[in-house]
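K.L.:
Once you've had a glance at the structure underneath, I'll fire off some questions.
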Amino acid sequence: MSDLNDSLKWELKKNPLFQELDDKTFENLLRAAQPKVHNARAAIFHEGDPGGSMLMVLSGQIKITSIAANGKECVLAFMGPGDVIGEITLLDGGARTATAQAIEASRVLELTRSAFISVLENNPPTALKIIEILCRRLRTTSQMVEDATLLAAAPRLARTLIRLAESNGVETDDGVMIDLALSQSTLGAHAGLLRESVNRQLRAWEGEKIIDRRNDRIVILQDDVLHEVSEGGA
């Protein structure tokens, strides 16, 4: 049984995934939902675990990872408030296709497959939203694979920073801050680069005033230059 307060229910109703649901369907779905809290660095689920539910991030940041054939961790995505995790297993009932780990203390809402499938069957707009989420993530993953195959380190890292700024950027007086606590190892695992390569390139860009590093955040100072680099420029 969900213990969601009225304020949180109002926030959830604004999410595109729930906007087309009538009040009765929305309330019935939330009755089967369960809020959960995960500490920083805690594993939420592992690749291969039984599925059966989808998670909506209410607060915090969560990274989605998978282990490559060479045994290295690949960071597939970063999820924040309003994002959903586990939509594949929600649809097919299969095992988890990746691992989810909290970057910082995070609160999620777990929605069971049994409750959500009936919603999808009777609400085509909501089903289309799930399909849109899947397609968008497939496009992003395909682009990441293409970048890792065809691009050198600098343009690959530039494209990674641009994508992160688009999804997690916060405007500042002098640029756009990527509002994620990113270690160089994590950034490298997301871009498909060694930590040493990431460190070397970030230091070079910092010296050229293209970016700035402030604690554990990266601020893009010259967006136009970074876009030029992303296309294979200097």
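The values are calculated or read from the model by the stated rules, or taken from the named source; none is laboratory data. What you see is a predicted model, and the numbers here were worked out from it, not measured in a lab. Virtual Cβ from ideal backbone geometry, glycine too; neighbours counted across all protein chains shown. Protein only, heavy atoms only, side chains kept; ligands, DNA and RNA dropped before computing areas. Shrake-Rupley method; radii C 1.70, N 1.55, O 1.52, S 1.80 Å.
K.L.:
Report, to the nearest whole %, how much of the accessible area of region 7-109 belongs to carbon and sulfur atoms, 1.4 Å probe, protein only.
P.N.:
With neighbouring chains kept in place, the figure for region 7-109 is 51 percent.
K.L.:
Please give the net charge around residue 51, taking every other residue with its beta carbon less than 15 angstrom from that of residue 51, where Lys and Arg add +1 and Asp and Glu add -1.
P.N.:
Numbers: positive: 96, 113; negative: 47, 49, 87, 92, 110.
Surrounding charge for residue 51 is -3.
K.L.:
Taking the solvent-accessible surface of protein heavy atoms with a 1.4 Å probe, what is the per residue accessible area of region 123-211 in Å²?
P.N.:
53
K.L.:
Compute the Cα gyration tensor for region 1-60, then decide on rounded, prolate or oblate, letting a ≥ b ≥ c be the square roots of its eigenvalues: rounded whenever a/c is under 1.5, prolate when a/b is larger than b/c in the other cases, and oblate in all that remain.
P.N.:
The shape class here is prolate.
K.L.:
Kirkwood Rh over Cα pairs of region 121-234 into Stokes-Einstein at 10 °C, 1.306 mPa s: D in µm²/s?
P.N.:
Details: Rh = 15.1 Å.
Approximately 105 µm²/s, per Stokes-Einstein.
K.L.:
Same structure again: Just order 212-224, 158-170, 192-204 by mean Cβ neighbour count inside 10 Å, highest at the front, would you?
P.N.:
On the way: 212-224: 14.9, 158-170: 19.5, 192-204: 16.6.
Averaged packing, sorted descending, gives the order 158-170, 192-204, 212-224.
K.L.:
Give the ranking of 25, 126, 97 by solvent-accessible surface, highest area first, calculated with a 1.4 Å probe.
P.N.:
So, going from the largest accessible area down, we get 97, 25, 126.
K.L.:
Please list, or write none, the lysines whose alpha carbon is within less than 30 Å of the alpha carbon of residue 14, excluding same-chain residues fewer than 8 places away.
P.N.:
Qualifying lysines at Cα under 30 Å: 24, 36, 63, 129.
K.L.:
Roughly how compact is region 70-153, stated as its Cα Rg over 2.2 N^0.38 Å to two decimals? Don't skip to the end; give the middle numbers.
P.N.:
Values: Rg = 15.2 Å, N = 84, 2.2 N^0.38 = 11.8 Å.
Taking N as the residue count of region 70-153, the ratio is 1.28.
K.L.:
Additional query: With no solvent and one point on each alpha carbon, what is the Debye value of log10 I(q)/I(0) for the chain at q = 0.08, 0.11, 0.13 Å⁻¹?
P.N.:
Normalising to I(0) and taking log10 leaves -0.33, -0.62, -0.84.
K.L.:
Starting from the Kirkwood Rh over alpha-carbon pairs, what translational D in µm² s⁻¹ does region 88-136 have by Stokes-Einstein at 37 °C and 0.692 mPa s?
P.N.:
Answer, rounded: 262 µm²/s.
K.L.:
Now for a different question. Region 22-129: which GluC sites (Glu not before Pro) are DSSP loop and have at most 15 other beta-carbon atoms within 10 angstrom?
P.N.:
Counting only loop positions with at most 15 other Cβ atoms within 10 Å, the GluC sites (Glu not before Pro) in region 22-129 are 47, 104.
K.L.:
Once all Cα-Cα distances of region 176-223 are split into 5 Å bins that start at 0, what whole-number percent is in each one?
P.N.:
Going from the shortest bin to the longest, the percentages are 5, 24, 29, 30, 12.
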